[in-house]
Amino acid sequence: MKYMTDLPDVIPVFPLPGALLLPRSRLPLHLFEPRYLQMLDDALKTDTRLIGMVQPNAVPGRDKAGLHRIGCAGRVTQVSETEDGRYMITLTGMSRFRVSQEVEGFTPYRRCEVSWSGFEADRKAAAEEDHGFHRERFLALLDRYFHARELSADWDTLKEADDELLINSLSMLLDFDPEDKQALLEAPSLSTRRETLVTLIEYALRGGSEEGMMQ
């Protein structure tokens, strides 16, 4: 994977509710709207090939949805075209960013001026470790969640995955509300993300009731 130190000040953004991208993780996307096909074409012409994933943030009284202040930029690492002109792409998470302001212009897609400050750890090649991670306890909780939701899993892969891959993949794949996804994105460390993930799973197992939540 290519890691970049010279990141652009302005990037295209894709406001997609519930879609979470995290550093060093991969997010498959299906593009078919003309504005996003144009966004992909323009991104592929740049050296960085970056697209920023960001959660929309509804603002009362505004026609255009607002954006959450923190998103994650991914580099386009795979592209395939279907026979009817749609594209399947993969974004590889490079770094989170903070939206400074939206840039008005002539592109059909949205662009933002962004700051990468404060997210230097995202751009390290080595995976982050979670030294307080009790894997057996976590997998037991996950087994209860999958059983309750009637989901299947490759448990051998889950057991062997490193801490970051396991926690980040589940954060991206499990069916949480967009605001919960945003909380997982904004977690300052892998251990904090794991704690947030555990809280969300426990909350779901209790049917959305906060009563009896583990501390």
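The values are calculated or read from the model by the stated rules, or taken from the named source; none is laboratory data. Remember, predicted model here, so these are calculated numbers, not experimental data. Neighbour counts run over all protein chains shown; Cβ positions are idealised from the backbone, glycine included.
The table below lists the values:
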{"item": "Flag if PHE176 is outside the structural domain of LEU37 (by TED's automatic domain parsing) and part of a helix (DSSP H, G or I)", "result": "no"}
{"item": "Residues satisfying the stated conditions in segment 90-110, i.e. in a loop (DSSP other than H, G, I, E, B) and out of contact with any helix residue (DSSP H, G or I) (no Cβ under 9 Å at 6 or more places or on another chain)", "result": "GLU104, GLY105, PHE106"}
{"item": "Test for THR92: is it of a type in the set (S, T, N, Q) and surrounded by 13 or more Cβ atoms within 10 Å (Cβ to Cβ)", "result": "yes"}
{"item": "Residues of segment 42-93 that turn out to be over 24 Å from GLU120 (Cβ atoms), touching a residue at least 24 places away in the same chain (Cβ under 8 Å) and in contact with a Gly (Cβ under 9 Å, 6 or more places away or on another chain), as a count", "result": "2"}
{"item": "In segment 131-162, the residues that are under 19 Å from PHE176 (Cα atoms), in a helix (DSSP H, G or I) and of a type outside the set (Lys, Arg)", "result": "PHE138, LEU139, LEU141, LEU142, ASP143, TYR145, PHE146, HIS147, ALA148"}
{"item": "Residue match in segment 97-104 (condition: surrounded by 13 or more Cβ atoms within 10 Å (Cβ to Cβ), acidic (Asp, Glu) and under 19 Å from LEU166 (Cα atoms))", "result": "no"}
{"item": "Conditions (1) at pLDDT below 95; (2) out of contact with any Leu (no Cβ under 7 Å at 6 or more places or on another chain); (3) part of a loop (DSSP other than H, G, I, E, B): number failed by ALA121", "result": "(3)"}
{"item": "Enumeration of residues in segment 23-57 that are more than 18 Å from ARG111 (Cα to Cα) and out of contact with any Lys or Arg (no Cβ under 8 Å at 6 or more places or on another chain)", "result": "ARG24, SER25, ARG26, LEU27, PRO28, LEU29"}
